[in-house]
Amino acid sequence: MADLQKTAQALEARGFSVRIFSTGKQAKQAVLALSGSGSVGFGGSVTLDSLNIYEALRAQGNEAFFAWKTPLSADPDVYRKAMFSDLYLSSANAITETGEI
């Protein structure tokens, strides 16, 4: 946990807001609370997908745009809509202890 705290501090020093969760359920609840009633766009993220955050957002009434869930034939503008959403969720492939993504 000390290494995770060190990484969090390094990210905060670079201007990021960091919250650490013990479970995926806690992280999902935080995302749902953070989203409010605004639109939410998704970048590719296995983590977000496995937590079913897209479905949970839609269930609480948010507009959500995730190309993995919406074929381009159904909505050719899904990437643009995601990019211009009120909140954009994505994940990093790697983060160093020094806060580099």
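The values are calculated or read from the model by the stated rules, or taken from the named source; none is laboratory data. What you see is a predicted model; the values in this text were computed from it and never measured. Here the Cβ is made from the backbone with ideal geometry for all residues, glycine too, and neighbour counts use every protein chain on show. Only protein heavy atoms, including side chains, enter the accessible area calculation; ligands, DNA and RNA are left aside. Shrake-Rupley method; radii C 1.70, N 1.55, O 1.52, S 1.80 Å.
Observations
- The mean sequence separation of alpha-carbon pairs under 8 Å and at least six residues apart, normalised by the residue count of the chain, gives a relative contact order of 37 percent.
- For the chain: accessible area per residue (Å², 1.4 Å): 66
- Area of ILE20 that stays accessible when all protein chains are in place (1.4 Å probe, Å², to 10): 70
- Sum of side-chain charges, ALA82 neighbourhood, beta-carbon under 15 Å (Lys, Arg +1; Asp, Glu -1): -1
- Convex hull (Cα only) mean projected area of the range 14-101, reported in nm² to one decimal: 6.3
- Each residue was assigned an accessible area with a 1.4 Å probe, and for VAL18 the value is about 40 Å².
- Were the residues from ALA56 through GLU100 laid out at 0.36 nm apart, the gain over their Cα-Cα distance would be 12.8 nm.
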